[in-house]
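A.B. asks: Have a look at this one.
Computed from the coordinates by the stated procedures, all read-outs in this text should not be read as laboratory data. Computed from a predicted model, the values in this text were never measured in an experiment. Positions of Cβ are generated from backbone atoms using ideal geometry, with glycine treated the same way; all protein chains shown enter the neighbour counts.
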Amino acid sequence: MQRIRKSKKISERYILCIPKSEINKIFNILKGKPNESCGVLIGKKLNKQKYSLTNIIHDNKPIDPSKFGVTRNTKNVYPYVNAIVENSEDDIDYIGEWHSHLNGNCNYSNIDLISMRELMRDPDYKFPVFLILIILKFPDQIKAYLFKKQAYQPKNMEINIDN
Ligand SMILES: [Zn+2]
C-alpha cells in the first residue's frame, strides 16, 4: 500500500519552467507599485508533468487596481498576446494568468479560486484543459498553481528557473 501511494505522489509533480529574464522583468515591474499588478502568461505544455512559460505579459491598463485586487483588461493585453503567438515559430499560446499580492503571502485567495474557475468555464475562451495561475510578491516570492478542468482544487507547481 505504501508503495502505491508513493508512486502516485511522484506522478502528481508538476513543474513550470520560467526563463530568468521573464522573472526579473516582472519583479522590476512590481517594484514600488502601490497597487496590485496583473497580466497573462504565454507558453506551452511540454508533457503531462512539465509546462514551459515563454512570456509574462504585463497589463499596464488593468481595471480597478487597488491594494487588495485587480482585474485584468482583456482588450488591453490581447494585441500583445496575439503578436507574440503569431510571430513565434514555437507552438505557444495563452496558458494562464498572473497577479501580485501586496499583503500576506502568495497563496491563492478564495476570489482567485473563483475567478480562475469562471475563466475555465467561459465559453468565449477556447482554452486548453488547463490554466496556470502565478502569484508574485515583491521582491522575490513566487508561487504557481495548475488548474485542470476535471479537478476541483488546483495543484501546486514546482518552479524551475532557466537561465
Ligand atoms: Zn490573489
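A.B. asks: Among the residues of region 88-112 satisfying the criterion of being assigned to a helix (DSSP H, G or I) and more than 22 Å from Ile23 (Cβ to Cβ), which is farthest from the ligand (Cβ to nearest atom)? Reasoning before the result, please.
C.D. replies: We begin by selecting, within region 88-112, every residue assigned to a helix (DSSP H, G or I); these are 110-112.
Those left that are additionally more than 22 Å from Ile23 (Cβ to Cβ): 110-111.
On the way: Asn110: 9, Ile111: 7 Å.
Filtering first and then ranking leaves Asn110.
A.B. asks: Another question, if that's okay. For region 122-135, does any single residue satisfy the condition of being under 24 Å from Lys31 (Cβ atoms), without any contact (Cβ under 8 Å) to a residue 60 or more places away in the chain and over 13 Å from the mean Cα position of the chain (by Cα)?
C.D. replies: Within region 122-135, the first condition is being under 24 Å from Lys31 (Cβ atoms), and the residues that meet it are 132-135.
Retained after the next criterion (residues that are without any contact (Cβ under 8 Å) to a residue 60 or more places away in the chain): 133, 135.
Applying the additional criterion that residues be over 13 Å from the mean Cα position of the chain (by Cα) yields none.
Checked region 122-135: no residue is under 24 Å from Lys31 (Cβ atoms), without any contact (Cβ under 8 Å) to a residue 60 or more places away in the chain and over 13 Å from the mean Cα position of the chain (by Cα).
A.B. asks: What about Gly69, is it buried (at least 16 other Cβ atoms within 10 Å of the Cβ), more than 12 Å from the chain's Cα centre (by Cα) and within 16 Å of the ligand (Cβ to nearest atom)?
C.D. replies: Values: buried (at least 16 other Cβ atoms within 10 Å of the Cβ): yes; more than 12 Å from the chain's Cα centre (by Cα): yes; within 16 Å of the ligand (Cβ to nearest atom): yes.
In short, yes.
A.B. asks: Exactly one condition in (1) within 16 Å of the ligand (Cβ to nearest atom); (2) of a type outside the set (Val, Ile, Thr); (3) closer than 22 Å to Glu22 by Cβ; (4) out of contact with any strand residue (DSSP E or B) (no Cβ under 9 Å at 6 or more places or on another chain) is false for Pro79; which is it?
C.D. replies: (1)
A.B. asks: Moving to a separate point now. Counting only residues that are in contact (Cβ under 8 Å) with a residue 40 or more places away in the chain, of a type outside the set (A, V, I, L, M, F, W, C) and surrounded by 10 or more Cβ atoms within 10 Å (Cβ to Cβ), how many does region 75-98 have?
C.D. replies: 5
A.B. asks: Could you say which residue among Asp64, Asp59 is surrounded by fewer than 14 Cβ atoms within 10 Å (Cβ to Cβ) and within 15 Å of the ligand (Cβ to nearest atom)?
C.D. replies: Details: Asp59 fails: surrounded by fewer than 14 Cβ atoms within 10 Å (Cβ to Cβ).
Unique residue meeting the criteria: Asp64.
A.B. asks: Given region 113-163, what strands (runs of 3 or more DSSP E) lie entirely inside it while holding 3 or more residues that are surrounded by fewer than 16 Cβ atoms within 10 Å (Cβ to Cβ)?
C.D. replies: Values: elements: 130-137, 141-148, 155-162.
Counting at least 3 such residues, we get 155-162.
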